[in-house]
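Reviewing the structure listed below.
The values are calculated or read from the model by the stated rules, or taken from the named source; none is laboratory data. Everything quoted here is computed from the prediction, not taken from an experiment. No Cβ is skipped: glycine too gets one built from the backbone with ideal geometry, and neighbour counts run over all protein chains shown. SASA here: full protein model, heavy atoms, side chains in, ligands and nucleic acids out. Shrake-Rupley method; radii C 1.70, N 1.55, O 1.52, S 1.80 Å.
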Amino acid sequence: MQNETVISTGKPPKTGVSKSVKEHLVAYSFIAPNFIGFALFTLVPMIFAFVLAFVKWDGANPMDYVGLKNFNRLIQDPTFHKALWNTIIYTIGVVPLTMVCALGLAILLNQKILGRNIMRTVFFFPYVASLVAVAAVWNFIFSPTMGPINNILHAITGIPIEELPRWAADKDWAMFTVVLFTVWKNMGYYMVIYLAGLQGVNPELYEAAELDGANAWKRFRNVTIPQLAPTTFFVLMILIINSFKVYDIFINLFAGADNQLNDSTRVLVYQIYNTAFRSLDYGYASAMAIVLFLLVLGITIVQFRGEKKYGQ
């Protein structure tokens, strides 16, 4: 029988957790706080809302399974249709106007002009200012009788103040007013995004276009717009998603002492809130929330596909 020789290395055998496991534990420890918060305050409520969409529940009595009745009810509910339509109109008004204003400001403030940094701060300030404060100031400025806007219009046109628009106080002008307010408040933020995109454009492209005889408009159309396509797509998607989820702006501009909105200013998120916490119809409100979730999900999928396309 041949003897086997055991060679001792002088090192004790490895015990405990391996280096790879330790690295994974460290990584998960950084992820855990955010994931726990997401699970408790977002994921679990989303799952619960999905369950509630198929039941009838007022928060006090036992849940009653109703299947698709809540969704069938949405199809026949004119109040929901009005809220959805108002949200779509608001989105159609806000998105293109904000993009145009933000891009125009970004192009202007990307030039070497006097007071450029101060102007950037001034245009960005409404975005970070308190919504309650700026909404109160806006309501005063557009006051039908005492506001400076109508007084200036009266002085210029000679039209009696009583015949001028009543802005937020008029159901026919309310949506126009809130669109202007939203554009004014948010365009500074998207201006910063466009500024970042403009500063990433290769200046040699402008020099080459200028040598080819392209004027300012042709350089903007053939160089700036194509180079800003990924930025524009990102801004477009974020604006659409935020517009569908709007709530606080309408409440601060139009809600009275009873904190209610009328048919001309009722939007989808407000309708969900009103149905759940005023009418105590959590199942029906959850069905509305699922519809809103599917709309936002569809927009997000388009965004990811667009990013993949532009990233190639």
Exercise. Got a sec to turn the phi values of region 282-289 into Karplus ³J(HN,Hα) couplings, 6.51 cos²θ - 1.76 cosθ + 1.60 with θ = phi - 60°, whole Hz, x for Gly and Pro?
Worked result: 5, x, 5, 4, 5, 4, 4, 5
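Counting Lys and Arg as +1 and Asp and Glu as -1, what is the net charge of the other residues whose Cβ lies under 12 Å from the Cβ of residue 66?
Counting the neighbours of residue 66, the net charge comes to +1.
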Problem set entry | Among 142, 33, 189 the positive-end extreme of the charge dipole of the chain (Cβ point charges) | 33
Problem set entry | region 190-255 - charge dipole about Cα centre, Lys and Arg +1 at Cβ, Asp and Glu -1, debye rounded to 20 | 240 debye
Exercise. Rounded to the nearest 500, what is the chain's calculated 222 nm mean residue ellipticity when only DSSP H runs of at least 4 contribute -39500 (n - 2.57) each, over all residues?
Worked result: -21500 deg cm²/dmol
Exercise. Rounded to the nearest 20 Debye, what is the dipole magnitude of region 203-312 about its Cα centre when Lys and Arg each give +1 and Asp and Glu each give -1 at the C-beta?
Worked result: 260 debye
Seminar exercise, completed: Given backbone amide H placed at 1.01 Å from N, residues whose amide H is under 5 Å from that of residue 55, ignoring those fewer than 5 places away on the same chain, are 66
Exercise. Of the labelled options (i) 20.0, 62; (ii) 30.4, 132; (iii) 27.9, 120, which one gives Rg and Dmax of the Cα atoms in Å as computed for this structure?
Worked result: (iii)
Seminar exercise, completed: Taking Lys and Arg as +1 and Asp and Glu as -1, residues besides residue 225 with C-beta under 15 Å from its C-beta add up to +3
Exercise. Taking the chain as a Gaussian network, Cα atoms linked when under 10 Å apart, which of 47, 193, 36 shows the biggest mean-square fluctuation?
Worked result: 36
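With a 1.4 Å probe and all protein chains kept in place, how do 275, 145, 79 rank by accessible area, largest first?
145, 79, 275
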Exercise. Counting Lys +1, Arg +1, Asp -1, Glu -1, what net charge surrounds residue 108 among other residues with beta carbon under 13 Å of its beta carbon?
Worked result: +3
For this session: Per residue of region 137-151, in order, report the coupling 6.51 cos²θ - 1.76 cosθ + 1.60 (Karplus, θ = phi - 60°) as ³J(HN,Hα) in whole Hz, putting x for Gly and Pro.
Result: 5, 4, 5, 5, 4, 9, 4, x, 10, 9, x, x, 4, 5, 5
For this session: Using the charge dipole of the chain (Lys, Arg: +1 at Cβ; Asp, Glu: -1 at Cβ; taken about the Cα centre), state which of 164, 74, 117 has its Cα farthest towards the positive end.
Result: 117
Problem set entry | Rounded to 10°, Cα long-axis angle of helix 19-38 versus longest principal axis of the chain | 30 degrees
Exercise. How much accessible surface does residue 138 have with a 1.4 Å probe, in Å² rounded to 10?
Worked result: 30 Å²
For this session: Would you tell me the accessible area of residue 192, worked out with a 1.4 angstrom probe on the heavy atoms of the protein chains, in Å² to the nearest 10?
Result: 70 Å²
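Of all accessible surface on the chain at a 1.4 Å probe, what whole percent is carbon and sulfur?
Reported share for carbon and sulfur atoms: 65 percent.
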Exercise. Which residues' amide hydrogens lie under 5 Å from the amide hydrogen of residue 166, considering only partners 5 or more residues apart or on another chain, with H built in the peptide plane?
Worked result: none
Exercise. Tell me, what HN-Hα J-couplings in whole Hz come from the Karplus equation 6.51 cos²θ - 1.76 cosθ + 1.60 at θ = phi - 60° for each residue of region 266-279, using x for Gly and Pro?
Worked result: 6, 10, 5, 5, 4, 4, 5, 4, 5, 5, 6, 9, 10, 8
For this session: Order the peptides 288-296, 110-118, 61-69 from the highest to the lowest mean number of other Cβ atoms within 10 Å of their residues.
Result: 288-296, 61-69, 110-118
Problem set entry | Heavy atoms of residue 185: accessible area, 1.4 Å probe, square angstrom to 10 | 20 Å²
